[in-house]
Amino acid sequence: MDSSAGYRQLLQQISDTYTQGRVRAVQAVNAQLVETYWEVGRHIVEFEQAGQVRAEYGRALIDTLAADLGLRHGKGFSRSNLIRFRQFYLAYPGLATKGATLSHQLTWSHIVELLKIDDPLERGFYEHQALHERWSVRELVRQKDSALFLRLAASQDKAGIMQLAQKGQVVEQPTDLLREPYVFEFLKIPEPYQLSETQLETLLCDHLQPFLLELGKGFTFVGRQYRVTINGTHHRVDLVFYHRILRCFVLIDLKLGEVQHHDIGQMNLYLGYFANEENVEGDNPPVGIILSRQKDELLVEYATYGMSSQLFVQKYQLYLPDREALRRELEVTLREAGQ
(Lines give C-alpha, C1' and ligand atoms only; values in the text may rest on other atoms or scores of the structure.)
Protein backbone atom coordinates (compact mmCIF):
# COMPACT_ATOMS: atom_id res chain seq x y z
CA MET A 1 0.00 0.00 0.00
CA ASP A 2 1.52 3.34 -1.00
CA SER A 3 1.44 6.37 1.27
CA SER A 4 -1.38 8.01 -0.69
CA ALA A 5 -3.65 4.96 -0.37
CA GLY A 6 -2.75 4.60 3.30
CA TYR A 7 -3.63 8.22 3.95
CA ARG A 8 -7.01 7.89 2.22
CA GLN A 9 -7.77 4.84 4.37
CA LEU A 10 -6.82 6.76 7.52
CA LEU A 11 -8.97 9.71 6.45
CA GLN A 12 -11.96 7.41 5.90
CA GLN A 13 -11.47 5.64 9.23
CA ILE A 14 -11.40 8.91 11.14
CA SER A 15 -14.41 10.24 9.24
CA ASP A 16 -16.42 7.06 9.89
CA THR A 17 -15.47 7.02 13.58
CA TYR A 18 -16.47 10.66 13.98
CA THR A 19 -19.79 10.18 12.18
CA GLN A 20 -20.66 7.07 14.20
CA GLY A 21 -19.70 8.84 17.41
CA ARG A 22 -21.98 11.77 16.62
CA VAL A 23 -24.87 9.42 15.91
CA ARG A 24 -24.33 7.58 19.21
CA ALA A 25 -24.08 10.90 21.05
CA VAL A 26 -27.35 12.15 19.60
CA GLN A 27 -29.03 8.83 20.44
CA ALA A 28 -27.72 8.97 24.00
CA VAL A 29 -28.90 12.55 24.48
CA ASN A 30 -32.31 11.70 23.06
CA ALA A 31 -32.69 8.63 25.28
CA GLN A 32 -31.76 10.63 28.37
CA LEU A 33 -34.13 13.42 27.40
CA VAL A 34 -37.06 11.03 26.89
CA GLU A 35 -36.36 9.27 30.20
CA THR A 36 -36.11 12.65 31.98
CA TYR A 37 -39.49 13.76 30.64
CA TRP A 38 -40.99 10.46 31.82
CA GLU A 39 -39.52 11.02 35.30
CA VAL A 40 -40.99 14.53 35.42
CA GLY A 41 -44.39 13.08 34.55
CA ARG A 42 -43.97 10.44 37.24
CA HIS A 43 -43.21 13.09 39.89
CA ILE A 44 -46.37 15.01 38.98
CA VAL A 45 -48.65 11.96 38.97
CA GLU A 46 -47.26 10.55 42.22
CA PHE A 47 -47.69 13.94 43.88
CA GLU A 48 -51.33 13.99 42.75
CA GLN A 49 -51.98 10.38 43.75
CA ALA A 50 -50.48 10.96 47.20
CA GLY A 51 -53.40 13.26 47.87
CA GLN A 52 -51.26 16.34 48.08
CA VAL A 53 -53.46 18.11 45.57
CA ARG A 54 -57.20 17.82 45.03
CA ALA A 55 -58.47 16.91 41.60
CA GLU A 56 -60.06 20.33 41.09
CA TYR A 57 -56.69 21.94 41.72
CA GLY A 58 -54.87 19.79 39.17
CA ARG A 59 -54.91 22.50 36.55
CA ALA A 60 -53.67 25.04 39.05
CA LEU A 61 -50.80 22.69 39.93
CA ILE A 62 -49.67 22.49 36.31
CA ASP A 63 -49.97 26.27 35.91
CA THR A 64 -47.96 26.89 39.07
CA LEU A 65 -45.27 24.37 38.12
CA ALA A 66 -45.00 25.89 34.65
CA ALA A 67 -44.46 29.34 36.13
CA ASP A 68 -41.96 28.28 38.79
CA LEU A 69 -39.99 25.81 36.64
CA GLY A 70 -39.98 28.33 33.80
CA LEU A 71 -38.23 30.82 36.05
CA ARG A 72 -35.63 28.20 36.97
CA HIS A 73 -35.09 26.40 33.67
CA GLY A 74 -36.67 28.36 30.82
CA LYS A 75 -39.23 27.50 28.14
CA GLY A 76 -38.85 23.72 28.34
CA PHE A 77 -41.39 23.62 31.16
CA SER A 78 -44.32 25.29 29.48
CA ARG A 79 -47.80 24.28 30.59
CA SER A 80 -48.35 22.24 27.40
CA ASN A 81 -45.05 20.38 27.88
CA LEU A 82 -45.88 19.52 31.49
CA ILE A 83 -49.25 18.15 30.39
CA ARG A 84 -47.44 15.97 27.81
CA PHE A 85 -44.91 14.75 30.43
CA ARG A 86 -47.76 13.74 32.72
CA GLN A 87 -49.60 12.08 29.85
CA PHE A 88 -46.40 10.26 28.85
CA TYR A 89 -46.05 8.66 32.26
CA LEU A 90 -49.72 7.66 32.38
CA ALA A 91 -49.55 6.11 28.90
CA TYR A 92 -46.26 4.27 29.56
CA PRO A 93 -46.08 3.61 33.32
CA GLY A 94 -43.64 0.73 32.80
CA LEU A 95 -41.07 2.71 30.81
CA ALA A 96 -38.44 2.41 33.54
CA THR A 97 -38.32 -1.39 33.22
CA LYS A 98 -39.68 -2.09 29.72
CA GLY A 99 -39.12 1.04 27.70
CA ALA A 100 -35.46 0.93 26.74
CA THR A 101 -36.34 0.34 23.09
CA LEU A 102 -38.91 3.14 23.09
CA SER A 103 -36.63 5.74 24.68
CA HIS A 104 -33.52 4.75 22.70
CA GLN A 105 -35.08 4.51 19.24
CA LEU A 106 -37.88 7.09 19.19
CA THR A 107 -37.41 10.80 19.66
CA TRP A 108 -39.55 12.97 21.90
CA SER A 109 -41.24 14.29 18.74
CA HIS A 110 -42.26 10.71 17.85
CA ILE A 111 -43.66 10.21 21.35
CA VAL A 112 -45.64 13.45 21.22
CA GLU A 113 -47.32 12.23 18.03
CA LEU A 114 -48.10 8.89 19.70
CA LEU A 115 -49.57 10.63 22.74
CA LYS A 116 -52.04 12.45 20.50
CA ILE A 117 -53.72 9.06 19.89
CA ASP A 118 -56.32 8.36 22.56
CA ASP A 119 -57.03 4.71 21.73
CA PRO A 120 -54.39 2.42 23.31
CA LEU A 121 -54.83 -0.20 20.55
CA GLU A 122 -54.21 2.35 17.83
CA ARG A 123 -51.30 3.93 19.71
CA GLY A 124 -49.69 0.52 20.21
CA PHE A 125 -49.87 -0.18 16.48
CA TYR A 126 -48.17 3.07 15.47
CA GLU A 127 -45.56 2.64 18.18
CA HIS A 128 -44.55 -0.79 16.87
CA GLN A 129 -44.60 0.35 13.24
CA ALA A 130 -42.48 3.42 13.99
CA LEU A 131 -39.95 1.25 15.82
CA HIS A 132 -39.78 -1.66 13.38
CA GLU A 133 -39.86 0.38 10.18
CA ARG A 134 -37.77 3.25 11.52
CA TRP A 135 -40.32 5.86 10.52
CA SER A 136 -39.30 9.49 10.66
CA VAL A 137 -41.66 11.82 12.51
CA ARG A 138 -42.97 13.00 9.14
CA GLU A 139 -43.70 9.42 8.06
CA LEU A 140 -45.44 8.68 11.35
CA VAL A 141 -47.66 11.75 10.95
CA ARG A 142 -48.51 10.80 7.37
CA GLN A 143 -49.50 7.25 8.31
CA LYS A 144 -51.62 8.53 11.19
CA ASP A 145 -53.36 11.04 8.93
CA SER A 146 -54.04 8.32 6.36
CA ALA A 147 -55.61 6.14 9.08
CA LEU A 148 -53.35 3.18 8.35
CA PHE A 149 -54.32 1.29 11.51
CA LEU A 150 -58.02 1.70 10.85
CA ARG A 151 -57.63 0.65 7.21
CA LEU A 152 -55.77 -2.51 8.18
CA ALA A 153 -58.03 -3.28 11.14
CA ALA A 154 -61.24 -2.85 9.12
CA SER A 155 -60.71 -6.21 7.42
CA GLN A 156 -59.58 -8.08 10.54
CA ASP A 157 -61.34 -10.07 13.23
CA LYS A 158 -60.74 -9.34 16.90
CA ALA A 159 -57.62 -11.52 17.05
CA GLY A 160 -56.17 -9.80 14.01
CA ILE A 161 -56.88 -6.36 15.45
CA MET A 162 -55.21 -7.28 18.74
CA GLN A 163 -52.17 -8.60 16.89
CA LEU A 164 -51.90 -5.34 14.96
CA ALA A 165 -51.95 -3.41 18.24
CA GLN A 166 -49.41 -5.66 19.98
CA LYS A 167 -46.98 -6.38 17.13
CA GLY A 168 -47.71 -3.97 14.29
CA GLN A 169 -48.18 -5.28 10.75
CA VAL A 170 -46.42 -8.62 10.36
CA VAL A 171 -45.71 -9.67 6.75
CA GLU A 172 -45.67 -13.45 6.45
CA GLN A 173 -47.96 -14.19 3.50
CA PRO A 174 -49.25 -12.32 0.42
CA THR A 175 -52.51 -11.23 2.08
CA ASP A 176 -50.45 -9.35 4.68
CA LEU A 177 -49.38 -6.94 1.93
CA LEU A 178 -52.91 -5.70 1.29
CA ARG A 179 -54.52 -2.46 2.38
CA GLU A 180 -58.09 -1.34 1.69
CA PRO A 181 -58.13 1.26 0.43
CA TYR A 182 -54.65 2.37 -0.61
CA VAL A 183 -54.43 6.14 -0.13
CA PHE A 184 -52.45 8.37 -2.51
CA GLU A 185 -53.18 11.74 -0.92
CA PHE A 186 -49.47 12.55 -1.09
CA LEU A 187 -49.91 13.18 -4.83
CA LYS A 188 -51.92 16.31 -3.92
CA ILE A 189 -54.18 16.00 -6.97
CA PRO A 190 -56.76 18.82 -6.85
CA GLU A 191 -60.48 18.09 -7.12
CA PRO A 192 -62.13 17.58 -9.52
CA TYR A 193 -59.29 15.53 -10.96
CA GLN A 194 -58.80 14.66 -14.60
CA LEU A 195 -55.90 12.33 -15.31
CA SER A 196 -55.14 9.20 -17.27
CA GLU A 197 -53.77 5.91 -15.98
CA THR A 198 -50.40 6.85 -17.48
CA GLN A 199 -50.41 10.18 -15.64
CA LEU A 200 -51.30 8.44 -12.36
CA GLU A 201 -48.48 5.96 -12.91
CA THR A 202 -46.04 8.79 -13.63
CA LEU A 203 -47.10 10.69 -10.50
CA LEU A 204 -46.64 7.60 -8.33
CA CYS A 205 -43.15 7.03 -9.75
CA ASP A 206 -42.32 10.71 -9.22
CA HIS A 207 -43.35 10.29 -5.57
CA LEU A 208 -41.71 6.90 -5.13
CA GLN A 209 -40.67 7.31 -1.49
CA PRO A 210 -44.18 8.01 -0.11
CA PHE A 211 -45.60 5.43 -2.53
CA LEU A 212 -43.29 2.76 -1.10
CA LEU A 213 -44.29 3.86 2.39
CA GLU A 214 -47.94 3.39 1.46
CA LEU A 215 -47.28 -0.05 -0.04
CA GLY A 216 -45.60 -1.13 3.20
CA LYS A 217 -42.42 -2.71 4.45
CA GLY A 218 -40.20 -4.79 2.18
CA PHE A 219 -40.97 -3.37 -1.28
CA THR A 220 -38.16 -2.54 -3.70
CA PHE A 221 -38.89 -0.90 -7.05
CA VAL A 222 -38.00 -2.87 -10.19
CA GLY A 223 -39.52 -0.85 -13.02
CA ARG A 224 -42.53 0.65 -14.78
CA GLN A 225 -44.11 -0.45 -18.06
CA TYR A 226 -42.23 -3.73 -17.66
CA ARG A 227 -42.30 -5.53 -20.99
CA VAL A 228 -43.72 -9.05 -21.17
CA THR A 229 -43.29 -10.70 -24.59
CA ILE A 230 -45.31 -13.80 -25.46
CA ASN A 231 -45.16 -15.26 -28.99
CA GLY A 232 -43.88 -11.97 -30.34
CA THR A 233 -46.66 -9.91 -28.77
CA HIS A 234 -45.59 -7.28 -26.28
CA HIS A 235 -47.54 -6.60 -23.08
CA ARG A 236 -46.57 -4.19 -20.31
CA VAL A 237 -47.07 -4.37 -16.56
CA ASP A 238 -47.66 -0.90 -15.10
CA LEU A 239 -45.40 -1.32 -12.05
CA VAL A 240 -43.16 -4.16 -10.89
CA PHE A 241 -41.70 -4.51 -7.40
CA TYR A 242 -39.78 -7.21 -5.56
CA HIS A 243 -40.71 -7.98 -1.97
CA ARG A 244 -37.57 -8.87 -0.04
CA ILE A 245 -39.41 -10.45 2.92
CA LEU A 246 -41.76 -12.68 0.91
CA ARG A 247 -39.07 -13.17 -1.77
CA CYS A 248 -41.42 -12.65 -4.69
CA PHE A 249 -42.25 -10.24 -7.49
CA VAL A 250 -45.27 -8.00 -6.90
CA LEU A 251 -47.01 -6.80 -10.06
CA ILE A 252 -49.32 -3.79 -9.92
CA ASP A 253 -51.75 -2.60 -12.60
CA LEU A 254 -53.60 0.70 -12.21
CA LYS A 255 -57.20 1.25 -13.30
CA LEU A 256 -58.99 4.60 -13.16
CA GLY A 257 -62.46 3.11 -13.28
CA GLU A 258 -64.04 -0.15 -12.23
CA VAL A 259 -61.97 -3.27 -12.85
CA GLN A 260 -63.26 -5.54 -15.63
CA HIS A 261 -62.98 -9.32 -16.04
CA HIS A 262 -60.43 -8.95 -18.85
CA ASP A 263 -58.20 -6.88 -16.51
CA ILE A 264 -58.13 -9.85 -14.15
CA GLY A 265 -57.34 -12.25 -16.98
CA GLN A 266 -54.51 -10.01 -18.11
CA MET A 267 -52.98 -9.93 -14.62
CA ASN A 268 -53.23 -13.71 -14.43
CA LEU A 269 -51.28 -13.84 -17.70
CA TYR A 270 -48.56 -11.66 -16.18
CA LEU A 271 -48.37 -13.90 -13.11
CA GLY A 272 -47.87 -16.96 -15.27
CA TYR A 273 -45.15 -15.25 -17.28
CA PHE A 274 -43.21 -14.08 -14.21
CA ALA A 275 -43.51 -17.48 -12.53
CA ASN A 276 -41.99 -19.22 -15.55
CA GLU A 277 -39.71 -16.60 -17.10
CA GLU A 278 -38.57 -14.16 -14.40
CA ASN A 279 -38.42 -16.20 -11.20
CA VAL A 280 -35.06 -17.66 -10.21
CA GLU A 281 -34.19 -20.29 -7.65
CA GLY A 282 -35.44 -19.25 -4.21
CA ASP A 283 -38.19 -16.95 -5.52
CA ASN A 284 -41.75 -17.59 -4.41
CA PRO A 285 -44.75 -17.32 -6.77
CA PRO A 286 -45.41 -13.73 -7.90
CA VAL A 287 -48.24 -11.64 -6.45
CA GLY A 288 -50.56 -9.55 -8.62
CA ILE A 289 -52.48 -6.52 -7.35
CA ILE A 290 -54.94 -4.60 -9.51
CA LEU A 291 -55.62 -1.17 -8.03
CA SER A 292 -58.89 0.43 -9.10
CA ARG A 293 -61.13 3.28 -7.98
CA GLN A 294 -64.15 0.97 -7.78
CA LYS A 295 -64.58 -2.75 -7.33
CA ASP A 296 -67.58 -4.96 -8.06
CA GLU A 297 -67.10 -7.67 -5.43
CA LEU A 298 -69.31 -10.20 -7.21
CA LEU A 299 -67.59 -9.70 -10.56
CA VAL A 300 -64.19 -10.11 -8.91
CA GLU A 301 -65.32 -13.28 -7.15
CA TYR A 302 -66.50 -14.87 -10.38
CA ALA A 303 -63.66 -13.56 -12.55
CA THR A 304 -61.02 -14.96 -10.18
CA TYR A 305 -62.77 -18.32 -9.70
CA GLY A 306 -60.18 -21.09 -9.95
CA MET A 307 -57.37 -18.60 -10.50
CA SER A 308 -54.20 -18.06 -8.55
CA SER A 309 -54.78 -17.14 -4.92
CA GLN A 310 -51.94 -14.66 -5.41
CA LEU A 311 -54.13 -12.30 -7.48
CA PHE A 312 -55.92 -9.47 -5.65
CA VAL A 313 -58.16 -6.57 -6.63
CA GLN A 314 -57.93 -3.66 -4.20
CA LYS A 315 -59.35 -0.16 -4.15
CA TYR A 316 -57.34 3.04 -3.99
CA GLN A 317 -58.33 6.65 -3.41
CA LEU A 318 -56.62 9.95 -4.04
CA TYR A 319 -57.80 11.68 -0.87
CA LEU A 320 -57.74 10.89 2.84
CA PRO A 321 -60.29 8.28 3.99
CA ASP A 322 -63.28 8.93 6.22
CA ARG A 323 -61.60 8.22 9.53
CA GLU A 324 -64.82 8.16 11.55
CA ALA A 325 -66.48 5.65 9.22
CA LEU A 326 -63.46 3.36 9.55
CA ARG A 327 -63.47 3.78 13.32
CA ARG A 328 -67.16 2.85 13.48
CA GLU A 329 -66.38 -0.35 11.54
CA LEU A 330 -63.64 -1.18 14.03
CA GLU A 331 -65.89 -0.53 17.02
CA VAL A 332 -68.62 -2.75 15.56
CA THR A 333 -66.13 -5.60 15.04
CA LEU A 334 -64.83 -5.35 18.60
CA ARG A 335 -68.32 -5.02 20.06
CA GLU A 336 -69.59 -8.07 18.17
CA ALA A 337 -66.55 -10.01 19.38
CA GLY A 338 -67.34 -9.08 22.99
CA GLN A 339 -64.47 -6.58 23.48
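Inspect all residues belonging to the range 270-287 and state whether any of them is in contact with a strand residue (DSSP E or B) (Cβ under 7 Å, 6 or more places away or on another chain), among the hydrophobic types (A, V, I, L, M, F, W, C) and open to solvent by 50 Å² or more (accessible area, probe 1.4 Å). Scanning the range 270-287 turns up no residue that is in contact with a strand residue (DSSP E or B) (Cβ under 7 Å, 6 or more places away or on another chain), among the hydrophobic types (A, V, I, L, M, F, W, C) and open to solvent by 50 Å² or more (accessible area, probe 1.4 Å).
Restricting attention to the range 211-240, the residues that are open to solvent by 70 Å² or more (accessible area, probe 1.4 Å), in a strand (DSSP E or B) and of a type in the set (D, E, K, R) total 3.
For the range 168-195, what are the residues that are over 18 Å from Lys315 (Cα atoms) and either within 13 Å of the chain's Cα centre (by Cα) or open to solvent by less than 20 Å² (accessible area, probe 1.4 Å) (or both)? Listed by number, the residues that qualify are Gly168, Gln169, Val170, Val171. For the range 1-33, filtered to residues that are open to solvent by less than 90 Å² (accessible area, probe 1.4 Å) and aliphatic (A, V, I, L, M), the residue that is farthest from Leu106 (Cα to Cα) is Ala5. For Ala303, the conditions (1) within 29 Å of the chain's Cα centre (by Cα); (2) buried (at least 19 other Cβ atoms within 10 Å of the Cβ) are fulfilled apart from (1). Of Ile117, Ile111, all but one fail to be outside any helix (DSSP H, G or I), at pLDDT 90 or above and within 29 Å of Val45 (Cα to Cα); the exception is Ile117. Cβ separations smaller than 9 Å between residues 6+ apart or across chains give the following pairs from the range 33-46 residues that are farther than 13 Å from Ala91 by Cβ to residues that are open to solvent by 30 Å² or more (accessible area, probe 1.4 Å) and small (Gly, Ala, Ser): Glu35/Ala96; Glu39/Ala96. Against the condition open to solvent by 20 Å² or more (accessible area, probe 1.4 Å), within 30 Å of Arg142 (Cα to Cα) and touching a Gly at 6+ places or on another chain (Cβ under 9 Å), how does Gln294 come out, does it pass? Yes, satisfied. If the condition is being modelled with pLDDT of 70 or more, part of a helix (DSSP H, G or I), of a type in the set (Gly, Ala, Ser) and within 18 Å of Gln87 (Cα to Cα), then the range 50-72 contributes Ala60, Ala66. The residue pairs whose first member lies in the range 127-139 and is more than 21 Å from Leu208 (Cβ to Cβ), whose second member is open to solvent by 20 Å² or more (accessible area, probe 1.4 Å) and polar (S, T, N, Q), and whose beta carbons are closer than 7 Å, counting only pairs six or more residues apart or on different chains, are Leu131/Thr101; Leu131/Gln105.
Cβ-Cβ contacts under 6 Å between residues 6 or more apart (or on different chains), taken from a first residue in the range 147-172 that is at positive phi and modelled with pLDDT of 90 or more to a second residue that is open to solvent by less than 20 Å² (accessible area, probe 1.4 Å) and among the small types (Gly, Ala, Ser), are absent.
For the range 237-251, residues that are under 14 Å from Pro174 (Cβ atoms) and in contact (Cβ under 8 Å) with a residue 40 or more places away in the chain total 5.
Conditions tested, residue by residue: (1) modelled with pLDDT of 95 or more; (2) touching a Gly at 6+ places or on another chain (Cβ under 9 Å); (3) closer than 26 Å to Gln143 by Cβ; (4) small (Gly, Ala, Ser).
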| residue | (1), (2), (3), (4) |
| --- | --- |
| Val280 | yes, no, no, no |
| Val300 | no, no, no, no |
| Gln314 | yes, no, yes, no |
| Gly338 | no, no, no, yes |
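Looking across the range 241-281, the residues that are within 20 Å of Gln294 (Cβ to Cβ) and either part of a strand (DSSP E or B) or among the hydrophobic types (A, V, I, L, M, F, W, C) (or both) come down to Ile252, Asp253, Leu254, Lys255, Leu256, Gly257, Glu258, Val259, Ile264, Met267.
The lone criterion from (1) more than 28 Å from the chain's Cα centre (by Cα); (2) closer than 18 Å to Thr198 by Cα left unmet by Asn279 is number (2). Taken as a whole, the structure places Gly257 among residues that are at pLDDT below 95, exposed (fewer than 15 other Cβ atoms within 10 Å of the Cβ) and closer than 25 Å to Gln199 by Cα.
The values are calculated or read from the model by the stated rules, or taken from the named source; none is laboratory data. This is a predicted model, so every value here is computed, not measured. Using ideal geometry, Cβ is built from the backbone for each residue, glycine included, and neighbour counts are taken over all protein chains shown. Heavy atoms of the whole protein, side chains included, go into the accessibility calculation; ligands, DNA and RNA do not. Shrake-Rupley method; radii C 1.70, N 1.55, O 1.52, S 1.80 Å.
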